[in-house]
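The values are calculated or read from the model by the stated rules, or taken from the named source; none is laboratory data. Since the model is a prediction, treat every value here as computed from it, not as a measurement. A quick note on method: Cβ atoms are made from the backbone with ideal geometry, for glycine too, and the neighbour counts reach across all protein chains shown. With ligands, DNA and RNA removed, areas are computed over all heavy atoms of the protein, side chains included. Shrake-Rupley method; radii C 1.70, N 1.55, O 1.52, S 1.80 Å.
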Amino acid sequence: MAEIHNELKWSFSRMKTFDSCRRQYYLRHYLFWDGWKKDAPEERRTAYRLSKMTSLPMLAGAVVHNRIADAFKRYRFNRTSISLNEIIETARLDWERGMAESESGKWRTQPKQYCCIFEHYSGMPDWKERAREMWERVETSLRCFDSSGTWDDLRKTPPRKWLAYDGDPFEAVLVDGIPMFGRPDLAYDASKPENPNSRCWIFEFKTGRPRDGDVLQVRYYALVAAADWGFDPLSVKARLVYLHPQLIEREMTVDEDALADAGRVLHQSFEDMKSVLADPERNIPLDISAFPPAVRGDLCARCFYQEMCEGRGTEASRPTAAALDEDDFDPFV
């Protein structure tokens, strides 16, 4: 098997981590590398194990997105609509498997194969009650998906016009020379035959409340649509579908100023990431001292790397439900 290398690829979530805490960025994107090897130093193995951890809101988001991706897959290849009961029953199996794996402790030696839930790992006293609340989020989200106008609209479209959906194999796309990683939940070519690549629809499903970052995310999807599928980015329209606590279907477009701003931020962010590298060509970072921790109570409280960070906030050992709710599932890596 060919040796894999740790390559610098930009993503929206990577930018968020870089901007919020450089220490978490270093642990998540550099120290973890090779931590899956049995002969790796203990700190690398720990960083790798912690990088595979999830939280209850993240697990809820992942379960919902996996069931939606499965519904897309079935319809795309055989025009079969999965029933709501089957969606929920399968999601329940996914959820219970994650809970059981976390309690089994198998993630200690096989962190990639088995789920470890942060609230359980950190000893949050009411984590099981919290888990019941999160399961209700999963069920509500799937019911809202099934009843949404978006899912109804998509089932009226020819699947051959579906450009991509969450679950497809995906590699980074070069956007103005920068490797960008990220894919919408579903993209659809709405062009008329006489005018190819003239209109692209992007659909994104969210299990959390609307956030400013959702709008910013769409701008980068427009850049991906241009680089990967050949659309004019100004031809991209998006529908953000919020599934919890109630169904909200919100449409938006991207204008020239927004695209210009997205491009500017992309280039500046990528340059900032390269500025902390000792060898940009090989993506080798500077010493850990170049990645100081951001000591913020809310951020530290939901950080998976608390035990590796000497700068953690005083509240870090007591994660709160409010802090953890900020960690909705993010399809970027």
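For the reader, a short list of remarks on this structure follows.
- Region 208-236 residues that are among the polar types (S, T, N, Q), paired with ones that are open to solvent by 50 Å² or more (accessible area, probe 1.4 Å) (beta carbon under 9 Å, 6 or more apart): SER235/ASN197; SER235/ARG199
- Output for region 275-289, where each listed residue is β-branched (Val, Ile, Thr) and either over 25 Å from the mean Cα position of the chain (by Cα) or exposed (fewer than 10 other Cβ atoms within 10 Å of the Cβ) (or both): ILE288
- Hits in region 10-30 - residues which are among the polar types (S, T, N, Q) and either over 16 Å from the mean Cα position of the chain (by Cα) or part of a helix (DSSP H, G or I) (or both): SER13, THR17, SER20, GLN24
- Pick from region 171-184, criterion open to solvent by 40 Å² or more (accessible area, probe 1.4 Å) and under 17 Å from the mean Cα position of the chain (by Cα), ranking: modelled with the highest pLDDT: PHE181
- Residues of region 295-333 classified as modelled with pLDDT under 65, open to solvent by 70 Å² or more (accessible area, probe 1.4 Å), more than 21 Å from TRP10 (Cα to Cα) and not hydroxyl-bearing (Ser, Thr, Tyr), total: 4
- Filter pass, TYR121 being out of contact with any Leu (no Cβ under 8 Å at 6 or more places or on another chain) and either open to solvent by 10 Å² or more (accessible area, probe 1.4 Å) or within 20 Å of THR54 (Cβ to Cβ) (or both): yes
- In region 111-134, the residues that are under 15 Å from VAL63 (Cβ atoms) and part of a helix (DSSP H, G or I) reach residues that are open to solvent by 20 Å² or more (accessible area, probe 1.4 Å) and not hydrophobic (A, V, I, L, M, F, W, C) with C-beta atoms within less than 9 angstrom, at least six apart or across chains, in these pairs: ALA131/HIS120.
- Check on ALA47, in a helix (DSSP H, G or I), at pLDDT 95 or above, hydrophobic (A, V, I, L, M, F, W, C) and open to solvent by less than 20 Å² (accessible area, probe 1.4 Å): yes
- Annotation note: Cβ proximity below 6 Å between a residue of region 278-293 that is at positive phi and a residue that is open to solvent by 40 Å² or more (accessible area, probe 1.4 Å) (sequence gap 6+ or interchain) occurs for ASN283/GLU7.
- The lone criterion from (1) surrounded by fewer than 18 Cβ atoms within 10 Å (Cβ to Cβ); (2) more than 21 Å from HIS29 (Cβ to Cβ); (3) in contact with a Lys or Arg (Cβ under 6 Å, 6 or more places away or on another chain) left unmet by PRO292 is number (2).
- For ALA187, the conditions (1) in contact with a Pro (Cβ under 7 Å, 6 or more places away or on another chain); (2) open to solvent by less than 20 Å² (accessible area, probe 1.4 Å) all hold with the exception of (1).
- When GLY98 is tested against (1) open to solvent by 30 Å² or more (accessible area, probe 1.4 Å); (2) touching a helix residue (DSSP H, G or I) at 6+ places or on another chain (Cβ under 6 Å); (3) not hydrophobic (A, V, I, L, M, F, W, C), exactly one condition is not met: (1).
- Looking only at region 1-37, and only at residues there that are at pLDDT 95 or above and aliphatic (A, V, I, L, M), the one that is surrounded by the most Cβ atoms within 10 Å (Cβ to Cβ): LEU27
- Of all residues in region 244-260, one or more are of a type in the set (Gly, Ala, Ser) and closer than 23 Å to TRP10 by Cβ.
- Failed criterion for TRP201 (all others in (1) free of Cβ contacts under 8 Å to residues at least 24 places away in the same chain; (2) surrounded by 19 or more Cβ atoms within 10 Å (Cβ to Cβ); (3) among the hydrophobic types (A, V, I, L, M, F, W, C) hold): (1)
- Residues being among the charged types (D, E, K, R) and out of contact with any Cys (no Cβ under 9 Å at 6 or more places or on another chain) are entirely absent from region 47-66.
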